[in-house]
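What follows is a set of notes on a single structure, which appears directly below.
Read-outs: derived from the displayed coordinates by stated rules, not from any lab. Just so it is clear, the model here is predicted, and its values are computed rather than measured. Here the Cβ is made from the backbone with ideal geometry for all residues, glycine too, and neighbour counts use every protein chain on show.
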Amino acid sequence: MHCSISKSGILTLLLCLIFHTLESSITVEAQRINADSLFIAARQAANSGDRTGAIVTCERILTNNPGYQDAHILLSRIYLWDKKYDLAESNINTVIETNPKSFDAWDVKTDLSLWQGNYASCLRDCDAALTYFHDNKALLLKKARAYDGLKKPEMANETLNTLLYIDPQNADGLKLLKSLQDQLKKNRLSFSYSSDYFQSRALEPWKTIYLQYSRKIPIGTLVGRFNYAKRFGIEGVQGEADAYLKISNWNYGYLNIGYSNQSIFPRFRLGGEFYQKLPSAFEASVGFRYLDYKTTDAMIYTAYLGKYSGNWWWSGRTYFKLNGSTSLTALLQTRYYFASRDDYWGVRVNYGVSPDERTNVLTTVTPSLKSSGFRLEYSKQLWPAFTISGAFTYSNTEWMSKRYRNVFSGEIICSYQF
């Protein structure tokens, strides 16, 4: 028994196979075209601020096309904007595992580690990406920023030199280089002069001058300061020393000690504070200030909370005294930074007096007297090594029970780095 297939049967079978193949190809191509159209819509939604709509569209694409890399990358970028870092990492790792030569994927991956402050991870990611994209300017800039975040200015400077050799006019690179050059200078000499003018003409202005030298060391910064003041016709001097010491990458300490044998200064002052870096660019601290005069003393406790947001710095600080008469001081302050840490303007409002203000040392031991006011400040780096700062302060101070006077203060500070 045998069977035979006619020529017409063979032709029919071939035509069926051809039509099936064409149908499958057309279906795949239609799905690809549809996915491309949806992706364009998702990208437009993300750029216009409709992140939720963009996420929904990307997920729709990935339901039928799980390997559509652009959708994974866009999802990662949106999750990064929304600070949903785990979701961003999951999506971007999916792309890098299958296509390690995708620059867009590495661009998101390096931003992910940099934005979270994971500078060591960012360095590893940048080095991995640079094996595929040699001398890429965006990756070199992120690598320099990661070194800067790790407090390695020499390595950051070396990376920036490579970037600026490729692109000498790179604005972001030049801005970071200027900041690094300031960090690489270990010494700073500062001179300050301030004068307080009282509403009552019977009281002559108070004068305060200090000369300060600071030196960066591997574990922090050491500061020496010589203070001079003239108040109530009495002159006096005081010596002080500060230390800002790194404990770990997440915390550091502050110490202060001072001595004077003149009555207008505390005979002895001592301070200490512990600072802790927190997630989302927050920082907090707790500490104390001790002031010892010949006839009285004061133990003052302090707490601080600050946050950096873009070019802005916001902070709140409180001082409170528990022994003897209880008192509370509160300060709110903000600064907007420009090209460097020495270029900024700021505003501060306060209720009460601060023991960290050198002109207030006479009033911090009698904190039951009330005070309120504000301070305006501006600082400008005129040359790479020279900075000038100015401040105006107004306060309404209770100098006797229920008797107040206005005080207007001006201060100028000149600093030289070398």
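A compact table of results
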| item | result |
| --- | --- |
| Kyte-Doolittle mean at least -1.0, axial Cα span of 24 Å or more - DSSP H helices of the chain | 7-47 |
| Gained length - Asn406 relative to Thr326, 0.36 nm times residue gap less alpha-carbon distance | 26.4 nm |
| 222 nm mean residue ellipticity, helices alone, for the chain (DSSP H n ≥ 4; -39,500 (n - 2.57); rounded to 500) | -12000 deg cm²/dmol |
| Cβ-based charge dipole, the chain, positive-most Cα from Gln116, Leu74, Pro205 | Pro205 |
| Average Cα contact separation per residue, the chain, under 8 Å, 6 or more apart, as relative contact order % | 8 |
| Reported label for calculated Rg and Dmax of the Cα atoms in Å given (1) 31.8, 133; (2) 53.9, 196; (3) 25.5, 93 | (1) |
| Per-residue Cβ neighbour rank within 10 angstrom, fewest leading, Thr295, Thr397, Thr162, Thr387 | Thr295, Thr162, Thr397, Thr387 |
| Exceeding the 26 Å Cα-Cα cut-off - candidates Lys151/Lys175; Lys142/Lys307; Lys84/Lys307; Lys178/Lys207 | Lys178/Lys207 |
| Cα centre as origin, Lys/Arg/Asp/Glu Cβ charges: the chain dipole, Debye | 1660 |
| Sorted peptide list for 400-412, 61-73, 326-338, criterion being average Cβ within 10 angstrom, highest first | 61-73, 326-338, 400-412 |
| Dipole magnitude of the range 165-229 about its Cα centre (Cβ charges: Lys, Arg +1; Asp, Glu -1), debye to nearest 20 | 260 |
| Virtual spin-label span in nm between Leu150 and Trp345, 7 Å along Cα→Cβ | 3.8 |
| Label-point separation, Ser309 to Asn47 (7 Å along Cα→Cβ), nm | 2.8 |
| Computed lengthening from Leu278 to Lys230, 0.36 nm per intervening residue step minus Cα-Cα distance | 13.1 nm |
| Average Cα contact separation per residue, the range 100-184, under 8 Å, 6 or more apart, as relative contact order % | 24 |
| Aspartates and glutamates with Cα under 20 Å of Lys101, excluding same-chain neighbours fewer than 8 positions away | Asp70, Glu89, Asp111, Asp125, Asp127, Asp135 |
| The range 140-249 - charge dipole about Cα centre, Lys and Arg +1 at Cβ, Asp and Glu -1, debye rounded to 20 | 140 |
